[in-house]
Amino acid sequence: MSGEQHGPPTGEAHVWAVREPPPGPGRKAVVERCLALLTPAELRRYERVVPPQQALHACAHAALRTVTAAYTGLRAPQVAFTTGEFGKPYVASDPGLRVSLAHTDGMALVAVTRDGPVGVDVERITALHDPAGMRGQVLSPWEAARWPQSAEDAAQSGLFTHWTCKEAVLKAIGSGLAGDLTAIQVAPGARRSGPVPVHALPAQAATRTWALQLIDLGPEFRAAVAVADGGSLVRAFHMAPGSTPSVPPALPAPVPPLLPEVAGVPEAPGRQTVPDRGGPSCS
């Protein structure tokens with residue numbers, strides 16, 4: 001198969017979610033299917049991962065390879081990656097395709113776009129033994145001054161929401177955890193999905209326009225994707241570990257708004273009433 005481009009369309013970011021296979025008799029076969037997709041270098045990295053995290057690592061990196069293959073028109077073994085200073089992957093065989101990988105206990109995400117740099121992050125919500133310490137690592141001074149001094153679940157999950165939003169931006173920049181979360185200021189509110197306003201950014205990101213969106217993966221996770229200079233529409237999909245996804249069809253073009261009805265003014269020539277065609281929901 002040739003390296004023909006297969007999306008996403010301009011202005012879109014696609015996020016693929018992969019759940020880690022649960023313990024049981026089928027888990028080993030799923031992991032082996034994922035390992036069969038990896039290169040020798042990737043297999044050597046897999047061997048260095050601590051055993052409890054190996055299954056998730058295999059599923060995540062197989063997903064990065066198969067998703068990238070689907071959007072480049074290549075077979076998974078043909079996809080070539082390079083990495084930045086802090087491990088951000090770049091598609092050597094198709095530099096116009098931007099990708100990002102994230103994983104946490106039980107879940108992996110792969111984000112792709114043909115707009116600007118992209119970053120995705122996902123975190124499983126867990127009990128915080130030191131909420132004050134995490135606030136100091138995550139929140140900007142402005143956010144910290146307004147943060148509720150509470151150990152309630154809502155306040156703790158809010159910290160994970162801020163963390164994922166900011167980490168997504170840092171991963172798009174290319175610095176990841178080496179960057180300063182407190183240099184970013186966001187306002188996600190108490191939601192699990194939808195656009196997030198960004199009020200402050202590190203200097204190296206401040207000259208770009210950013211689209212930051214939360215992705216709803218259920219109450220036990222918080223996830224976000226950030227795209228520079230595009231990505232205003234985010235579409236999220238699920239895939240099985242070790243599978244090769246089919247690139248989703250483009251959404252139908254939006255219907256132009258009808259002219260307002262004005263009493264006594266005839267309808268514009270050629271104007272027609274067009275039924276709403278709808279389309280798949282986005283997150």
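Worth a mention:
- Accessible solvent surface per residue of the chain, calculated while the other protein chains remain in place, 1.4 angstrom probe, Å²: 50 Å²
- Largest first, the three principal axis extents of the alpha carbons in region 1-147 are 55, 42, 25 Å in whole numbers.
- GNM on the chain, alpha-carbon springs under 10 angstrom: the most fluctuating residue among Leu43, Leu159, Leu201 is Leu43.
- Eigenvalues of the alpha-carbon gyration tensor of region 61-167, scaled by 5 and square-rooted, set the equivalent ellipsoid semi-axes at 35, 14, 10 angstrom, largest first.
- Percent accessible area from carbon and sulfur atoms, the chain, protein chains only, probe 1.4 Å: 57 percent
- Three semi-axes of the equivalent ellipsoid, region 147-206, Cα gyration tensor, whole Å, largest first: 21, 12, 10
- Theoretical FRET efficiency, 1/(1+(r/R0)^6), r = Cβ-Cβ of Ile125 and Ala145, R0 25 Å, to 0.05: 0.55
- Computed E for Gln53/Gln156 - FRET, C-beta separation, R0 30 angstrom, nearest 0.05: 0.80
- Backbone HN-Hα couplings from phi across region 22-30 [Karplus 6.51/-1.76/1.60, Hz, Gly and Pro as x]: x, x, x, x, x, 5, 4, 5, 5
- Anchor Lys88: lysines whose Cα lies under 26 Å away (excluding residues fewer than 8 positions away in-chain): Lys166, Lys171
- Region 1-146 - percent relative contact order, Cα under 8 Å, separation 6 or more: 27 percent
- Pair-distance profile P(r), taking every C-alpha pair of region 31-113, with 5 angstrom steps and integer %: 3, 15, 27, 28, 19, 7, 1, 0
- Over the chain, equivalent-ellipsoid semi-axes from the Cα gyration tensor in Å: 33, 28, 18
- Remark: relative contact order (region 171-251) = 21 percent; criterion is Cα-Cα distance under 8 angstrom and separation of 6 or more residues.
- Normalised contact order of the chain, rounded percent, pairs of Cα under 8 Å and 6 or more residues apart: 23 percent
- Extension gain from Gln137 to Tyr90, taking 0.36 nm per residue of separation minus the Cα-Cα distance: 14.1 nm
- Viscosity 1.567 mPa s, 4 °C: Kirkwood-radius Stokes-Einstein D of region 98-223 over Cα pairs, µm²/s: 88 µm²/s
- Accessible surface of Phe86 - all protein chains present, 1.4 Å probe, nearest 10 Å²: 110 Å²
- Residue-span extension gain [Val247 to Ala200] - 0.36 nm each, minus C-alpha spacing: 13.5 nm
- Kirkwood Rh (inverse of mean 1/r, distinct Cα pairs), region 167-261, angstrom: 15.8 Å
The values are calculated or read from the model by the stated rules, or taken from the named source; none is laboratory data. Since this is a predicted model, take the numbers as computed values, not measurements. Every residue, glycine as well, gets a Cβ built from its backbone with ideal geometry; the counts of neighbours run over all protein chains shown. The area values use the complete protein model at the heavy-atom level, side chains included, leaving out ligands, DNA and RNA. Shrake-Rupley method; radii C 1.70, N 1.55, O 1.52, S 1.80 Å.
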